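Reading through the structure tokens given below for one structure.
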Amino acid sequence: MKPQLLGVRRLLPAVVAWLALLGLRTPAPPVSALELAGSGRQETPSPQAEVRLVARNKEITKNRIYASGDVEIQYKDLLLLADRVEFDPATKDVFAEGNVVIQVRNEVTRGERVIFNLDTEIGRVEKASGMIQPSILYTADSIERKTTDLFYLSRAWLSSCTQPVPRWGFSFSRANLKKDAYVEMWNAVLSVKKIPVFYLPYLRYPLEDRATGFLMPKVGYTGTKGFEYSQGFYLAIGRNMDATFSLDAYPTLGLGLGFEYRYLFAKGTGGQIDLYHFIFKKDAQGTTESPGSIIRISHNQALPLGFTLAASVDYQTSYNFLSEFDDEFRRASVSNRSSQVFLSRSWSHFNLSVRASRNETYFSELNDSIVSASLPQVNFNVFKVKLFSPFYFSLSAGFNNWQYGWDSAFKAGTERRSTDLSVSPTLSLPFTSIPWLTANTSVTANFVYYAKSLDPATGQVQNDPLFTKNIVVNLDLTGPVFYRVYYGRTGEPWLKNVIEPYVNYSYDSPIGQADRIVTPTGFYRYHQMSYGLTSRFFIKEGDRPTEILSFGLGQTVYFSPDSGPLKEYLVNGKPPRLSEITGTLRYYPKENFSLDAAIGYNPYYHDFSSLRLTSTAGSKEDGRFLSLNWYKSMNSWVAGADPTLGPLYNRHEIGVTGGLRLPGSSLGLQGEVDYNIQAKKLLYTAAQVVYHYQCLDFQFEARVYYYRLPPETEFKFSVGIGNIGRTQDILGAFGPEVGGR
């Protein structure tokens, strides 16, 4: 006989009974015989006076009590209602039939026939339906209670959707249900609105937020990769760690295997490991492309003696693989590899840090990468310590064993490398006696030992040590500070404007043999003055001022341009004395709106070298937001000297991301568009539609990757059912869902 799919109408009486009996969970006080006689019901307490039995008709034999007519049994926190009951007071076995309802703690069960023991709470219910809190509804031909939290269901239907008419459910031939843990089903059929969707010979459905099991699959199709099937398996290792295994199957292309591991321990120790490996199939010519792999690791750990350890790895075997398979546009379009281990300890006025790092940036136009590495870099700092009023002492010391150059130079063994050891004590004199004026003067002595030096004649690095020393004088001045208060109609202050001009003067004394110093990108002497002003606007919120608007302008003048940071960029044959003019704007009028802007203007070539505008309105958590990111940059110094090199440095793009959750609707929308204004072409478009249908949610995604060759269009679809979440892409575009499995 095939498993019977029981109707929802059989489930409704149990739900109604559960709601009606919520107030009866505490046993009623004893009722007198006179009260029972007046109502036509009889009460017979058991010999142990623990069981309370109430019925309209009752027959007592030597070892049995037979009751009928509105029978009610109360024992501890258990309540049983039935038409007819046979009860053994000695063993507390109950046989009940006819509209049986059992309520025990957070369970309500209705059945036609029940065999049950009041002490062990073990028994069998036939033609059963019921509810187990918080949200499990079921019907079954029979349900056997093996233990207080383990049930066996036969020919049954189950749903965690608690609407009066559940939108989905599983029917199955048999199942084991463990309270607050899982339901494992055999021959399970998922139906949505009574329409069978798919069949699984075995399914383990979680009854808690974080439970081990398979996630709902995701299917998709792309124009170049063909059909895609993604399946995830979630492993709840413990309360502080979990793992997700994923499989991406492309029948015409290959197979991707993913692994994500998250962990969190005491004292802030935690991290995440993401691994992905793709195995390509043989092409039509019988050749196989090299596998592609991605490794991303982040780790933080508290160590003994107050030390902390931080480590991170972001590595891919091929930049082309990242560009073709990573669905996150900004991550796929930035060609970087990085790895570092950072060890630090801070105490009192001291800080010690040790770092080993390697960073690589790939330039597709040159098919080469710039690589920088520190193996290792050690820094020791003494923060400001008061010597005697008003002088303060600080110290910075460092050791750096570094490497720098193109990847091709590393392969040829011609990269630039050296070792530096530096000590820089500083004596500072702060001045804060005037409220509207702040000043700080400092003098630093720099002592640097270079293990290698340059040959001035050839420019080649040689194993000839070099020791240098010089003095650096800094003067920081903020003020005089001006302000004005604006008053409202009631005479209360509502807006305050503060204007803060600033000047910073820095003098590096000349260094002998500066042309022999080995650095990654060149040696510069900073003799300059930076100046500008910042204007801030505050409003009063309660008793606190809140900044809502600020803007600033700044510029630097170089007194020694021949050795300054712009010495390589000649204007009319001379290094520029003035830097670009920079401006910033920040506007935060309310919680769900922000605007940040920055601008750079080149006074020699009279053009805007950089423009950046970022604005967000609304809240992503609320599902209604709009974000704008506009960015333009060009190296005016390079383009001005050689216009043919300008396009290599220019960038002009705009990106818009938005989300909308329709009021009164279960429909959520999210989209993104990125456009290259300079090349006048789209880079990336994406759209996501999520429809929440009570306990179901359907997700549809469409993306177009214009930057890929050839451009690729991708569609993906997935369904979330109750406590079973959707399979998420390790290389996903919209990021993981909030919450657990």
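No value in this document is a laboratory result; all are computed from the given coordinates. None of these values were measured; they are calculated from a predicted model. Neighbour counts run over all protein chains shown; Cβ positions are idealised from the backbone, glycine included.
Among Leu495, Pro430, Leu549, pick out the residue whose Cα is farthest towards the positive end of the charge dipole of the range 396-579, where Lys and Arg carry +1 and Asp and Glu carry -1 on C-beta, about the Cα centre.
Selected residue: Leu495.
So how far apart, in nm, are the two label points at Asp607 and Thr534 if each is 7 Å from Cα heading toward Cβ?
3.1
What is the sum of charges around Val94, taking Lys and Arg as +1, Asp and Glu as -1, for the other residues whose C-beta is under 10 Å from the C-beta of Val94?
Around Val94, the charge tally is -2.
Explain nothing, just the number: dipole magnitude of the chain about its Cα centre with +1 on each Lys and Arg Cβ and -1 on each Asp and Glu Cβ, in debye rounded to the nearest 20.
Dipole about the Cα centre, nearest 20: 760 debye.
Helix-only mean residue ellipticity at 222 nm, the chain, DSSP H runs n ≥ 4 weighted -39,500 (n - 2.57), per residue, nearest 500. What is it?
Result for the chain: -1500 deg cm²/dmol, rounded to the nearest 500.
Under the Karplus relation 6.51 cos²θ - 1.76 cosθ + 1.60, θ = phi - 60°, what is the ordered set of whole-Hz ³J(HN,Hα) values for the range 685-691, x standing for Gly and Pro?
9, 8, 9, 9, 10, 10, 10
Assuming 0.36 nm per residue, please report the length gained on full extension of the stretch Leu660 to Asp596 beyond their Cα-Cα distance.
Separation in residues times 0.36 nm, less the Cα-Cα distance, equals 20.8 nm.
What nm value, rounded to one decimal, do you get for the distance between Arg167 and Val461 when each label is placed 7 Å out toward the C-beta?
Placing both labels 7 Å along Cα→Cβ, they lie 6.3 nm apart.
At what distance in nm do the modelled label points of His277 and Arg544 sit from each other, each positioned 7 Å from its Cα along Cα→Cβ?
Here the modelled spin labels are 5.1 nm apart.
Helix 12-21 sits at what angle to the longest principal axis of the chain, using alpha carbons and giving 0 to 90 degrees rounded to 10?
With both axes taken from Cα atoms, the answer is about 90 degrees.
What FRET efficiency would be calculated for the residue pair Ala451, Ser338, taking the C-beta separation as r and a Förster radius of 30 Å, to the nearest 0.05?
Working from the Cβ atoms, E equals 0.70.
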